[in-house]
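Each remark here refers to the structure printed beneath this line.
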Amino acid sequence: MILPVVKYGNPVLRQKGARIERITAEITGLIDDMLQTMYAAAGVGLAAQQVGKALRLTVIDIKDVRDRPSSLEIGGKPVTIPDHMPLVLINPEIKPAGKPVTGPEGCLSFPEIYADIERPETVDVKAMNEKGETIEFRCGGLLARAVQHETDHLQGILFIDRMSSETKKELKPQLDELQETTKAGLKKDARA
């Protein structure tokens, strides 16, 4: 089922996600719905907060992106990325493993808003997958950026929080308009 994507201005985007202790039918269903939602929105990542659930769960799939390279290593050996997509990360922990680089980012919760964000080029990741197994890997390029962006969501951190003050100032009219539209919609829904 395709879920509505929560937009900037909805308070759930600022909530820290609760840890998921075990894989239930509800969690499995949510993972399936999140994957369908991400593909329908042509995104490369989606966090539970973006579909209104404050949980430490994100889905990522970068296999169809050709213009922004990625790397993935498991057990210190490079692996073929499409073989490991989509990625389901539950309770992810990340550690920077590379120098900071600046690159373009967008977010499904911020339609048509893009900015250059500085993040470590490579990260080490430890998480649980959809089967409840612990997975560990090192990733770089777009995949590392997507993992960091989505993991931020699980902490209630948005990509606008990582923008330079100059960029944020330039985007302020668009951000204010999006936030006001979202809040107006939430008030209308509350009255309905």
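Of the residues I20, I62, which single one is surrounded by fewer than 20 Cβ atoms within 10 Å (Cβ to Cβ) and at pLDDT 95 or above?
I20
For region 131-173, name all the residues that are polar (S, T, N, Q) and under 17 Å from L57 (Cβ atoms).
Hits for region 131-173 are T134, Q148, T151, Q155.
Please state which of the following conditions G156 fails to meet, knowing it meets all the rest: (1) in a helix (DSSP H, G or I); (2) of a type outside the set (A, V, I, L, M); (3) surrounded by 16 or more Cβ atoms within 10 Å (Cβ to Cβ).
For G156, the exception is condition (1).
Kindly indicate the residue of region 104-141 that is among the hydroxyl-bearing types (S, T, Y) and more than 22 Å from S71 (Cβ to Cβ) and also surrounded by the fewest Cβ atoms within 10 Å (Cβ to Cβ) among those meeting that condition.
Y114
Could you check how many residues of region 88-97 are over 16 Å from Q155 (Cα atoms) and either of a type in the set (D, E) or loosely packed, with under 15 Cβ neighbours inside 10 Å (or both)?
1
Residue by residue, here is whether (1) in a strand (DSSP E or B); (2) at pLDDT 95 or above; (3) among the polar types (S, T, N, Q) holds:
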position	(1), (2), (3)
I94	yes, yes, no
G106	yes, yes, no
C139	yes, yes, no
L143	no, yes, no
T151	no, yes, yes
Q174	no, yes, yes
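With in a helix (DSSP H, G or I) and over 30 Å from T182 (Cα atoms) as the only criterion, which of D83, D124 stands out?
Answer to the selection: D83.
Having 1 or more residues that are aliphatic (A, V, I, L, M) and under 15 Å from E150 (Cβ atoms) is the bar; report the strands (runs of 3 or more DSSP E) wholly within region 1-74 that clear it.
45-47, 57-60
The values are calculated or read from the model by the stated rules, or taken from the named source; none is laboratory data. Predicted model, so just to flag it, every value in this text is computed and none were measured. No Cβ is skipped: glycine too gets one built from the backbone with ideal geometry, and neighbour counts run over all protein chains shown.
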